[in-house]
């Protein structure tokens with residue numbers, strides 16, 4: 001046990017799992033159990049996660065619960081977060097046989113490795129924090145990134161000939177029908193069912209001929225026929241929005257996530273570099 005503490009002191013790991021086998025006067029008792037230092041919140045969390053992983057991986061019929069302790073030598077002497085994993089009972093004949101098999105040992109190792117990896121990353125990343133001030137500063141310094149291009153909201157009527165478009169336009173201009181009713185009755189585009197409504201769109205979302213006509217049209221005016229690869233269109237622009245910088249509230253969450261990812265990547269790479277310098281010999 002003293003050698004284990006010396007190794008922990010020398011290497012200063014983020015988390016430690018010490019593997020042991022258990023024993024008890026009652027040979028029927030079996031199953032893995034994880035112990036943690038009673039006043040350690042992080043130790044308790046690691047113990048709970050490892051216990052659950054062992055119970056699941058080893059398909060334990062009657063799962064044991066984690067247990068706090070203040071008297072075990074390793075738990076008392078370890079300067080970092082440490083738990084003791086009792087992987088089974090040598091006093092239970094069936095479990096004693098299992099403990100000696102490579103398959104069982106590998107399952108225990110996998111359960112331990114997976115939880116340690118998760119918990120270590122959680123521990124390493126706990127100081128990766130992005131403040132509201134960080135987010136606001138980034139927004140102010142990079143406003144050009146959050147500029148939204150100009151957009152239009154428009155309706156259209158699609159036909160397969162210029163003559164049909166001309167006839168529909170004449171009917172609208174004479175008051176015989178409305179643009180929306182004409183779209184429902186005459187348009188071959190699925191948007192016709194909604195009165196030709198295409199919603200809001202920006203540049204680059206429509207074919208060039210359609211885009212040019214829509215962005216140069218006056219609000220409320222009907223332009224066309226406009227020929228595209230899809231046919232002939234009548235276009236009615238309902239609304240236009242100039243290019244503008246998105247409000248801080250609109251983009252703050254995406255900025256926060258971006259900054260957090262950058263910090264986490266740096267923390268991870270720094271930790272990998274530290275471990276390589278410490279343990280990998282060229």
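The values are calculated or read from the model by the stated rules, or taken from the named source; none is laboratory data. What you see is a predicted model, and the numbers here were worked out from it, not measured in a lab. Please note: Cβ atoms are built from the backbone with ideal geometry, for glycine as well, and neighbour counts cover all protein chains shown.
Residues that are surrounded by fewer than 15 Cβ atoms within 10 Å (Cβ to Cβ), within 25 Å of residue 99 (Cα to Cα) and under 36 Å from the mean Cα position of the chain (by Cα) within the stretch 3-48 comprise just one, 19. With respect to residue 147, determine if the residue is in contact with a strand residue (DSSP E or B) (Cβ under 7 Å, 6 or more places away or on another chain) and either modelled with pLDDT under 95 or farther than 30 Å from residue 252 by Cα (or both). Spelling it out, residue 147 is indeed in contact with a strand residue (DSSP E or B) (Cβ under 7 Å, 6 or more places away or on another chain) and either modelled with pLDDT under 95 or farther than 30 Å from residue 252 by Cα (or both).
Kindly evaluate residue 82 against the criterion of being surrounded by 19 or more Cβ atoms within 10 Å (Cβ to Cβ) and closer than 26 Å to residue 274 by Cβ. Here the answer is yes, as residue 82 does meet what is asked. Among the numbered conditions (1) assigned to a helix (DSSP H, G or I); (2) touching a strand residue (DSSP E or B) at 6+ places or on another chain (Cβ under 8 Å); (3) farther than 30 Å from residue 251 by Cα, the only one that residue 123 does not meet is (3).
Here is the figure for the stretch 131-154: residues that are touching a residue at least 40 places away in the same chain (Cβ under 8 Å) and outside any helix (DSSP H, G or I) total 8.
Confirm whether residue 274 is surrounded by fewer than 16 Cβ atoms within 10 Å (Cβ to Cβ), more than 19 Å from residue 151 (Cβ to Cβ) and under 33 Å from the mean Cα position of the chain (by Cα). Yes, satisfied. Answer yes if at least one residue in the stretch 182-192 is in contact (Cβ under 8 Å) with a residue 12 or more places away in the chain, within 23 Å of residue 150 (Cβ to Cβ) and loosely packed, with under 12 Cβ neighbours inside 10 Å, and no otherwise. Looking for residues that are in contact (Cβ under 8 Å) with a residue 12 or more places away in the chain, within 23 Å of residue 150 (Cβ to Cβ) and loosely packed, with under 12 Cβ neighbours inside 10 Å, one finds none in the stretch 182-192, hence no. For the stretch 171-282, the helices (runs of 4 or more DSSP H) that sit wholly inside it and include 3 or more residues that are modelled with pLDDT of 95 or more and more than 30 Å from residue 142 (Cα to Cα) are 179-186, 208-216. Can we say residue 203 is exposed (fewer than 15 other Cβ atoms within 10 Å of the Cβ), farther than 11 Å from residue 156 by Cβ and under 38 Å from the mean Cα position of the chain (by Cα)? For residue 203, the condition - exposed (fewer than 15 other Cβ atoms within 10 Å of the Cβ), farther than 11 Å from residue 156 by Cβ and under 38 Å from the mean Cα position of the chain (by Cα) - is not met. Taken over the stretch 108-139, the criterion of being at pLDDT 90 or above and surrounded by 12 or more Cβ atoms within 10 Å (Cβ to Cβ) is satisfied by 130, 134, 135, 136, 137, 138, 139.
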